[in-house]
Amino acid sequence: MAKLDWQETQSKLSAARQVGEGLAASLKLAIPIDPFAIAKDERPMLRVICDDFRNRFDGQLEFHASKRRFLMFVNTKYDATVPTGKHHARTRFSAAHELGHFFLDHHRACLIKGAQPHPSRSERWDARVMMEREADSFAASLLMPEYLMRPLVNESDLTANTVRELAGRFETSLVSTAIRAVQLSDFPTAIAGVRDGAVKWSFQADCLVEAGCYPPERRPLVSTTAKEKWEAFVCGEHAQTESQAYVRDWFRTYDRDHLETVPLMEFHLPVPAMDTLIVLLTIPEEELFPDSDDD
């Protein structure tokens, strides 16, 4: 993906995030945010149907012209592992994702005009149609709005343990929490999702882009330590670990070749339920911005 294409994609995802943020702020929501309560307030225009739809989809939004209303289907198969009356983090994200299709104007307009509903499989985060990626961005921002999460993210350096603590407070999955934390971090940090031994998706803090570090295209792992961790993950080793690598192992730096040998830390967070190894990447500010003035 060329730099301009990447920037255009990020602009669209940012616009979707702003809608989710705005909704949370307008309702003055506190954590943990309940997407089902938000949907309930949209009746009779929106009706929610929860059931175990097995592997058909995680969620789906349909417009029924005859009744002039939307039906929001949410798969509750994940709820079998949580206490009665509670929703699993992935179920909550699926509901928020479908709310994205409802609240994002161009999504809703497409359904009203007769577009076929698209079965959603939330939290995949890899290369899919833009509307699905926008709905994911909306969902993450709704469940973890900036005004609630940014202060917590930047209390200290972002680590794997910090991500786990935030996931517990917001009742969100490890994957979506890690991505959102990186997006809101004031420090040089990024995250990559690894499946089948390759980078399937990645996100980074704004300051990394400002420094000239851009995410790579989807490709096999380059980092030796991450390769070893992936092989161990496939063999059933799910321990959280950390190691050192270099910027060149994870980022494109274009004309800023001096950044390639800058060291970084890898925090490996296995997510067996999604066959995904999350790799949280952090770079010391003094390494990335050696000429910055601290006075």
(message) Quick test for you: out of M131, M149, pick the one residue that is at pLDDT below 95, of a type outside the set (D, E, K, R) and assigned to a helix (DSSP H, G or I).
(response) M131
(message) Can you pull out every residue in the range 176-202 that is within 14 Å of the chain's Cα centre (by Cα) and open to solvent by 20 Å² or more (accessible area, probe 1.4 Å)?
(response) Q183, K200, S202
(message) I'd like the full set of residues that are open to solvent by less than 20 Å² (accessible area, probe 1.4 Å) and under 23 Å from D255 (Cα atoms), limited to the range 217-227.
(response) L221, S223
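Yes/no matrix, rows are residues, columns are (1) open to solvent by less than 10 Å² (accessible area, probe 1.4 Å); (2) touching a Gly at 6+ places or on another chain (Cβ under 6 Å); (3) small (G, A, S):
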| residue | (1), (2), (3) |
| --- | --- |
| D79 | no, no, no |
| G85 | no, no, yes |
| H97 | yes, yes, no |
| L111 | no, no, no |
| A115 | no, no, yes |
| H118 | no, no, no |
| M131 | no, no, no |
| F138 | yes, yes, no |
(request) Evaluate the following for Q7: is it within 30 Å of Q204 (Cα to Cα), in contact with a Ser or Thr (Cβ under 8 Å, 6 or more places away or on another chain) and of a type in the set (S, T, N, Q)? (result) no
(message) So, in the range 149-175, how many residues would count as being over 20 Å from S243 (Cα atoms) and surrounded by fewer than 18 Cβ atoms within 10 Å (Cβ to Cβ)?
(response) 8
(request) Specify which of the listed residues (T189, T162) is touching a residue at least 24 places away in the same chain (Cβ under 8 Å) and among the polar types (S, T, N, Q). (result) T189
(message) Suppose we filter R124, R69 for residues that are among the charged types (D, E, K, R), open to solvent by 20 Å² or more (accessible area, probe 1.4 Å) and modelled with pLDDT under 95; which single one remains?
(response) R124
(message) Quick check on my filter: what residues within the range 86-105 are closer than 16 Å to V175 by Cα and more than 15 Å from the chain's Cα centre (by Cα)?
(response) H88
(request) May I ask you to list the residues in the range 245-294 that are closer than 18 Å to F187 by Cα and acidic (D, E)? (result) E266, E285, E286, E287, D291, D293, D294
(request) Give the residues of the range 32-51 that are closer than 19 Å to S173 by Cβ, in a loop (DSSP other than H, G, I, E, B) and open to solvent by 40 Å² or more (accessible area, probe 1.4 Å), sorted by residue number. (result) P32, D34
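The values are calculated or read from the model by the stated rules, or taken from the named source; none is laboratory data. Please read all numbers here as calculations on a predicted model, not as lab measurements. FYI the Cβ positions are ideal-geometry reconstructions off the backbone, even for glycines, and counts take in every protein chain you see. Please note that ligands, DNA and RNA were not included when accessible areas were found on the heavy atoms of the full protein model with its side chains. Shrake-Rupley method; radii C 1.70, N 1.55, O 1.52, S 1.80 Å.
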